[in-house]
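Here the structure comes first, spelled out in structure tokens, and everything after it is commentary.
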Amino acid sequence: MDDRKTIATTRRDVLIGGCAAAAAAVTPAWALAQTADETRALVPVREGVWRTQEEGFFGLLVETVDGMIVFDPINRGFADWLNAEIARRFNKPVKYLIYSHNHWDHVTGGQAFDAHDPVTVCHELARKSIVRMQLDTRLPGQTFAQGFDIELGGRRVELRYLGQSDGQGSITLRVPDQGVLSAVDWLVIGRLPYKYLYRYNVDGTIASLRAVEDMDWEIAAPGHAGMGGKDDVRVTRRYYEAVCDGVVEGLVAKRSADEVVKSLRPQLAANSDFAALKEFDAWVDMNIRGIYEQIAKVEGLVNEDD
């Protein structure tokens with residue numbers, strides 16, 4: 001049985017994320033389908049799988065004959081709403097509650113499901129952070145290091161840790177029978193990564209994206225921005241690689257961040273796949289500067305006085 005101790009924090013006022021997205025259940029039309037309606041919603045993805053929506057934040061809901069699986073409560077207000085929606089629409093217990101990683105803007109409010117007494121699962125690093133930062137949520141009673149499979153009502157859900165990316169203990173969730181995959185924050189489709197990427201491990205994110213490309217799935221429903229397929233993930237990964245390559249070239253040549261931005265931005269804009277990503281004009285300079293700072297620190301090129 002899970003430890004139900006909860007501890008307090010506050011809700012961030014500013015939402016981080018992209019626009020809402022929707023998808024048809026069985027046809028490739030989901031890949032580009034978008035909606036400007038940023039509200040609380042359950043968006044069908046595939047049979048028995050819904051994308052849960054709180055404005056620009058998204059989780060996942062999986063139905064089985066024996067009960068429901070919730071991937072991220074997001075916050076207490078949304079979790080209360082989702083709990084009521086599950087009772088109204090499905091009339092089934094929540095059997096598993098999964099936290100995608102440690103960030104409070106995705107995993108607070110888990111105690112909304114306490115009456116179901118779900119098995120509450122996350123990566124061991126995520127639980128350590130949740131406890132340390134005293135997040136206001138239901139504490140996980142089940143953790144794992146590399147992978148954890150859920151078998152419920154004839155359906156399997158697979159959780160995998162692919163290494164450092166964004167946050168602590170960030171995992172993927174895959175529903176094999178429907179070809180659905182989800183990951184939160186570091187897997188972003190159809191949009192640039194968020195601003196300066198301060199929370200990201202960029203090299204780890206690239207490695208994780210490559211691992212995702214090798215998995216068997218058809219539609220990804222991430223925690224922010226749009227949904228899409230493997231071609232969309234490849235664009236995101238190639239964008240990261242292009243920024244990193246350009247930054248490294250500039251650092252080796254001892255160019256400043258300003259100089260790298262000036263030379264690299266037009267190169268990225270010349271790639272039609274990159275230029276078509278949402279927030280390109282607004283965030284590409286910030287992406288370059290954030291990755292420049294991260295690589296410079298990793299390579300020991302930043303002094304304390306800089």
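Here, each number is a calculation from the coordinates, and none is a lab measurement. Source: prediction; values computed, not measured. Don't worry about glycine lacking a Cβ; one is built from the backbone with ideal geometry, like all the others, and counts go over all protein chains shown.
Sum -39500 (n - 2.57) across every DSSP H segment of at least 4 residues in the chain, then divide by the residue count to get the 222 nm mean residue ellipticity, nearest 500. The per-residue figure over the chain is -10000 deg cm²/dmol. For region 244-305, GluC sites (Glu not before Pro) meeting the loop criterion (DSSP other than H, G, I, E, B) and having at most 10 other Cβ atoms within 10 Å: 304.
In this Cβ point-charge picture (+1 for Lys and Arg, -1 for Asp and Glu), region 142-258 has a dipole of about 300 debye about its Cα centre.
Around the amide H of residue 68, modelled in the peptide plane, lie the amide H atoms of 94, 95, 96, all under 5 Å away and 5 or more residues distant in sequence or on another chain.
Report the extension gain between residue 234 and residue 199 in nm, rounded to one decimal, defined as 0.36 nm multiplied by the number of residues separating them, less their alpha carbon distance. Before the final figure, lay out the partial values.
Working: separation 35, 0.36 × 35 = 12.60 nm, distance 2.14 nm.
10.5 nm is the gain from fully extending residue 234 to residue 199.
The distance between label points at residue 299 and residue 85 comes to 4.5 nm (points 7 Å beyond Cα on the Cα→Cβ vector).
What order do you get for 256, 170 when you list them from fewest to most C-beta neighbours inside 10 Å?
256, 170
Measuring spread by the Cα atoms of region 69-217 yields a radius of gyration and Dmax of 15.1, 44 Å. Each residue in 278, 254 was given a count of other beta-carbon atoms within 10 angstrom of its own, and listing them fewest first yields 254, 278.
What is the Å³ per residue value for the convex hull set by the Cα atoms of region 242-298? All intermediate terms of the calculation are to be shown ahead of the outcome.
Working: hull volume 3.9 nm³, N = 57.
Per-residue hull volume (Cα only) is 69 Å³.
Amide H contacts for residue 228 (H built 1.01 Å from N in the peptide plane; partners 5 or more residues away or on another chain; cut-off under 5 Å): 220.
Going by the alpha-carbon gyration tensor, a ≥ b ≥ c the square roots of its eigenvalues, is region 140-202 rounded (a/c under 1.5) or, if a/c is not under 1.5, prolate (a/b greater than b/c) versus oblate? Because a/c hits 1.5 or more and a/b fails to exceed b/c, region 140-202 counts as oblate.
Phi-derived couplings, Karplus 6.51 cos²θ - 1.76 cosθ + 1.60 at θ = phi - 60°, listed residue by residue for region 242-254: 5, 5, 4, 4, x, 5, 4, 4, x, 5, 4, 7, 6 Hz, with x used for Gly and Pro. Start at zero, step by 10 Å, and the Cα-Cα distances of region 55-102 spread as 25, 60, 15, 0 percent across the bins.
A straight Cα-to-Cα reach below 15 Å connects residue 230 with the aspartates and glutamates 213, 214, 216, 218, 273, residues fewer than 8 places away in its own chain not being considered. Under a model in which nothing but the beta-carbon of Lys, Arg (+1) and Asp, Glu (-1) is charged, region 242-298 shows a dipole of about 160 debye around its Cα centre. In this simple spin-label approximation, residue 124 and residue 151 carry label points 7 Å from Cα along the Cα→Cβ vector, and these lie 2.4 nm apart.
Solvent-free Debye calculation, one equal scatterer per alpha-carbon of region 201-303: log10 I(q)/I(0) at 0.10, 0.20 Å⁻¹ equals -0.30, -1.06.
Could you put 80, 105, 231 in order, starting from the residue whose Cβ has the fewest other Cβ atoms within 10 Å? All intermediate terms of the calculation are to be shown ahead of the outcome.
On the way: 80 15, 105 19, 231 11.
Ordered by Cβ neighbours within 10 Å, fewest first: 231, 80, 105.
Model label points for residue 275 and residue 252, set 7 angstrom from Cα along the Cα-to-Cβ axis, are 2.7 nm apart.
The DSSP beta bridges internal to region 75-200 are antiparallel in roughly 70% of cases. With θ set to phi - 60°, apply the Karplus curve 6.51 cos²θ - 1.76 cosθ + 1.60 along region 121-131 and write out the HN-Hα couplings as whole Hz, x wherever there is a Gly or Pro. Karplus values, whole Hz, x for Gly and Pro: 10, 7, 5, 4, 5, 5, 5, 4, 5, 4, 5.
Amide hydrogen proximity for residue 171: with H placed 1.01 Å from N in the peptide plane, the residues at 5 or more positions away or on another chain lying under 5 Å are 184.
Which loop trypsin sites (Lys or Arg not before Pro) in region 98-195, with loop taken from DSSP, have no more than 15 other Cβ atoms within 10 angstrom of their Cβ? Present the calculation step by step, with values, prior to reporting the outcome.
Values: sites: 127, 128, 132, 138, 155, 156, 160, 174, 191, 195; in loops: 138, 195.
Answer in residue order: 195.
Charged side chains reduced to their Cβ positions (Lys and Arg at +1, Asp and Glu at -1) give the chain a dipole of some 400 debye around its Cα centre.
What are the equivalent ellipsoid semi-axes of the chain, built from the alpha-carbon gyration tensor (square roots of five times its eigenvalues), in whole angstrom, biggest first?
Values: eigenvalues 228, 93, 55 Å².
In descending order the semi-axes read 34, 22, 17 Å.
Partner lysines whose Cα lies under 19 Å from the Cα of residue 195, excluding those fewer than 8 positions away in the same chain, are identified as 262, 278, 297.
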